[in-house]
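Notes to accompany the following structure.
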Ligand SMILES: Nc1ncnc2c1ncn2[C@@H]1O[C@H](COP(=O)(O)OP(=O)(O)O)[C@@H](O)[C@H]1O
Ligand SMILES: [Mg+2]
C-alpha cells in the first residue's frame, strides 16, 4: 500500500510561517476531507505537498512510498504517483486535452521504466474513451485545447480526467474558495466517487461543508491556524454542519476565544 505521511510539517512564505506542525496520513484506498475556515493554510498544504517553489519548508517531512520527497521537484513527485489538481489551471493553447494527457502518461511510464517507449496510440485512445465514459464526458472534449475558453466546470472536468488517466496513487484536490458554482462541486464529487478504488487515496480540500453531501469521506480533518485541530470519521462533518467551527476554535485556542 502506498501512503503519504506528513510529519510535523512547518512551511511558509517570505519568513511568515503558515503551516505550524501538520500531521496527516493518507493511504491508498482512503478518502480524506480536509476542511477549515478560509486562510488557515489548506491550499498552502496542497502546494507544499506538490513542491511549489514559492513555499519554504522549515521543519518536518513528507514521506511518500517510504521516501522523503521534500527534495523532489513537482514533476518528479507527479511521476512517482502524486497528483495535485490546481485551483486555477492554466490554458495551453495549441495542445489538446488528449495530447497533454498522453505526454503526461508517458512521463509517468518512463519514471517506472526508463526503457518504456510510451503508450501505443490505440491503447491510449481506448483507455481515454473508457475513462471519459466512466466520467460521463463527451468524447469531443479530448480534442479541445487544454483549458482554452473552458468554463469553470470544464476546467474541473479536465482535472478529473487527468486524475482518471494518470492513475495516481494519491490525489490532492483543492477546491476553490471563491464561490465557484455547485456544478463544479458536483463534477469533482462525481469524479471522485467514480474513481474511488483500493488503488487511489484522495485528500479533498474544501471549505464548503456541502461537498460532504456528495462525497462520503472515510476521514475528516479540520485545519485551524496551520494545524490539524481535529480528526474524525464522517460524523465530524455532521458536527461541523450543525455547529460550524466556533466550538473547535474555543477548544483549540481557549485564550483567544
Ligand atoms: N503567496 C502568499 N503570500 C503571502 N501570504 C500568503 C500567500 N498565500 C497564502 N498566504 C497566507 O497564508 C495563509 C493561508 O492561506 P491559504 O493556504 O490559502 O489558506 P486556505 O486555503 O485555508 O484558505 C493566509 O493568511 C494567506 O494570507
Ligand atoms: Mg484555499
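When you restrict to C-alpha pairs under 8 Å that are six or more residues apart and normalise by the size of region 80-173, the relative contact order lands at 54 percent. Taking Cα atoms only, the orientation of helix 121-134 departs from the longest principal axis of the chain by about 50 degrees. Highest mobility in the GNM of the chain, judged by mean-square fluctuation with C-alpha springs under 10 Å and restricted to 113, 38, 193, is found for 113. Of 131, 155, 54, the residue with the greatest mean-square motion in the GNM of the chain, using alpha carbon springs below 10 Å, is 54. With neighbours defined as other Cβ atoms within 10 Å of a residue's Cβ, the residues 150, 64 order from fewest to most as 150, 64. Computed per residue of the chain from DSSP H runs no shorter than four, each worth -39500 (n - 2.57), the mean residue ellipticity at 222 nm is -10500 deg cm²/dmol. For the pair residue 239 and residue 17, the difference between a 0.36 nm per residue extended length and the Cα-Cα distance amounts to 77.0 nm.
If I stretch the segment between residue 208 and residue 56 completely, what's the gain in nm (0.36 nm per residue apart, minus their alpha carbon distance), one decimal? Before the final figure, lay out each step's value.
Details: separation 152, 0.36 × 152 = 54.72 nm, distance 2.74 nm.
Between residue 208 and residue 56, full extension yields 52.0 nm more.
So if I average 1/r over every pair of distinct C-alpha atoms in region 81-149 and take the inverse, what Kirkwood radius in Å does that give? Kindly include the intermediate steps, with their values, before the conclusion.
Numbers: mean 1/r = 0.0754 Å⁻¹.
Value: 13.3 Å, from the Cα pair sum.
Please determine, in degrees from 0 to 90 and to the nearest 10, the orientation of helix 152-166 with respect to the longest principal axis defined by the Cα atoms of the chain, where the helix direction is its Cα long axis. So the inclination is approximately 70 degrees. Over region 133-246, the fraction of Cα-Cα pairs per 10 Å bin, rounded to whole percents and listed from the shortest bin up, is 12, 43, 33, 11, 2.
Cβ-to-Cβ counts within 10 Å put 42, 110 in ascending order as 110, 42, the fewest first. Our estimate of slack between residue 99 and residue 148, defined as 0.36 nm per intervening residue step minus the Cα-Cα distance, is 16.2 nm. For a paramagnetic label modelled on residue 193 (point 7 Å from Cα along Cα→Cβ), amide N atoms under 12 Å away belong, within region 213-241, to 213-217. In plain terms, the C-alpha convex hull of region 3-252 casts an average shadow of 13.5 nm² when viewed from every direction. Structural descriptor for the chain: relative contact order 29 percent, calculated from alpha carbon pairs under 8 angstrom and at least 6 residues apart. By how many degrees, between 0 and 90 and to the nearest 10, does the Cα long axis of helix 97-112 differ from the longest principal axis of the chain? With both axes taken from Cα atoms, the answer is about 80 degrees.
Read-outs throughout are calculated quantities, based only on the coordinates presented, and are distinct from any laboratory measurement. What you see is a predicted model, and the numbers here were worked out from it, not measured in a lab. Every residue, glycine among them, receives a Cβ derived from its backbone with ideal geometry; neighbour counts consider all protein chains shown.
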